[in-house]
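Have a look at the structure below before the remarks.
The values are calculated or read from the model by the stated rules, or taken from the named source; none is laboratory data. Please read all numbers here as calculations on a predicted model, not as lab measurements. Backbone-built Cβ (ideal geometry, glycine too); neighbour counts: all protein chains shown. Ligands, DNA and RNA are stripped out before the accessible areas are found, and what is left, the full protein with its side chains, is counted by its heavy atoms. Shrake-Rupley method; radii C 1.70, N 1.55, O 1.52, S 1.80 Å.
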Amino acid sequence: MNHKYRTRIQGESLQEKIRDYEFKVTEQVMLPAFYAALTLFVWYIYLAGVKIDLFLAVVFSIITLLLVIRAFVKVKKIRLMLKRYRKGLEGERLVGESLNKLNSESTYVFHDIPGERFNVDHIIVSTRGIFVIETKHFNRDLCQEFYYDGSMVYRVMKDGRKFLCPKLLPQIDGEARFIEHEIERRTDTKLTVIKVAILIGSYINSTENFKDYWLLNESSFVSAFQRSKEIYDASMVKLVATHIREMVKVDVDE
């Protein structure tokens, strides 16, 4: 039997997480709903004069109340996670659509590359370099500016407060090491990838941009990419792209 394959699309892992959390909401609601219906039935029988102990109706009521409170707390937490994941999904799709326009004979764009306990949002394999891209979609109502001093990234809020982003650069470093290792393992060639963070809709104030990291918004990345010099030949690009494609291949007949 000939299998058909496709490559992963932008935000596919986030979409899977969203579906899982939506199912968790249903799971949390089902048990309280069942006990609520059962409690109403017990009270109906009691009020109808059928011989039933009042204590039993009260116990069912207390159990139902506790289950409702527990479900409310858990669903509230799940809804916060869903909000975060949906915002992230929106960002990955926005950036992915922009990057897809760069596809050509010398440029290959891949999305949602699975690693161990993490996913690389996007990879570009091109004659201009291999780019590992992490996207972040922050709340524009609170923050629109990021500051990079050459070693740390800070969020500058609209009210003037400044907060350190301690996880951003280590996350990109980890993703870059993973892709470099996979490329070397699969091709027997050691290549250095370019580390990119796309901060959607933000202004990046940087004193050392493009030295160790590319920190840009979604519109400035494309122009920066197109201005960069070609460093690899087409045969190397095609070889690496072939192996990256294997990493994002999904069997549609499963």
Query raised in the report: Which members of the stretch 102-123 meet the condition of being touching a residue at least 60 places away in the same chain (Cβ under 8 Å), touching a strand residue (DSSP E or B) at 6+ places or on another chain (Cβ under 9 Å) and farther than 14 Å from ILE133 by Cβ?
Result: SER106, PRO114
Query raised in the report: GLY201 is checked against (1) on the phi > 0 side of the Ramachandran plot; (2) modelled with pLDDT of 85 or more and fails just one. What number does that condition carry?
Result: (2)
**Report entry** Checking ALA37 against (1) touching a residue at least 24 places away in the same chain (Cβ under 8 Å); (2) farther than 30 Å from ILE124 by Cα, the condition it does not meet
**Finding:** (1)
Query raised in the report: Of these, GLU105, GLU90, which one is closer than 18 Å to LEU14 by Cβ and open to solvent by 30 Å² or more (accessible area, probe 1.4 Å)?
Result: GLU90
Query raised in the report: If only one of ALA48, ALA71, ALA57 is touching a Leu at 6+ places or on another chain (Cβ under 8 Å), small (Gly, Ala, Ser) and over 30 Å from LEU169 (Cβ atoms), which one is it?
Result: ALA71
**Report entry** Scope the stretch 141-188; condition of a type in the set (A, V, I, L, M) and over 21 Å from the mean Cα position of the chain (by Cα); matching residues
**Finding:** MET152, VAL156, MET157, ILE183
Report task. Mind listing whichever residues of the stretch 1-21 are among the acidic types (Asp, Glu) and open to solvent by 80 Å² or more (accessible area, probe 1.4 Å)? Result -> ASP20
Report summary line: Subset of the stretch 227-237, residues touching a residue at least 40 places away in the same chain (Cβ under 8 Å) and open to solvent by 70 Å² or more (accessible area, probe 1.4 Å), comes to LYS229, GLU230, ILE231, ASP233
Report task. Among what's in the stretch 132-176 and is of a type in the set (S, T, N, Q) and exposed (fewer than 11 other Cβ atoms within 10 Å of the Cβ), pick the residue that is farthest from GLY96 (Cα to Cα). Result -> SER151
Report summary line: The condition from (1) modelled with pLDDT under 90; (2) assigned to a strand (DSSP E or B) that ASP121 misses is numbered (1)
Query - Residue that is farthest from ASP233 (Cα to Cα), among those in the stretch 123-137 that are out of contact with any Gly (no Cβ under 6 Å at 6 or more places or on another chain) and of a type in the set (Ser, Thr, Tyr) - result: SER126
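Within the stretch 45-55, can you find the residues that are surrounded by fewer than 13 Cβ atoms within 10 Å (Cβ to Cβ) and part of a helix (DSSP H, G or I)?
If the condition is that a residue be surrounded by fewer than 13 Cβ atoms within 10 Å (Cβ to Cβ) and part of a helix (DSSP H, G or I), then LEU47, LEU54, PHE55 are the ones that fit.
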**Report entry** Exclusive hit being under 26 Å from SER202 (Cα atoms), modelled with pLDDT of 90 or more and over 18 Å from the mean Cα position of the chain (by Cα), set GLY96, GLY129
**Finding:** GLY129
Requested in this report: Being surrounded by 14 or more Cβ atoms within 10 Å (Cβ to Cβ), among the aliphatic types (A, V, I, L, M) and under 30 Å from ASP112 (Cα atoms) narrows it down to one of LEU82, LEU65, LEU31, so name that one.
Outcome: LEU82
Report summary line: Picking from LYS190, LYS195, LYS211, the residue that is closer than 30 Å to THR242 by Cα, open to solvent by 30 Å² or more (accessible area, probe 1.4 Å) and either in a strand (DSSP E or B) or among the aliphatic types (A, V, I, L, M) (or both) would be LYS195
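From the list ILE9, ILE78, ILE63, ILE45, pick out the single residue that is touching a His at 6+ places or on another chain (Cβ under 8 Å) and hydrophobic (A, V, I, L, M, F, W, C).
Result of the check over ILE9, ILE78, ILE63, ILE45: ILE9.
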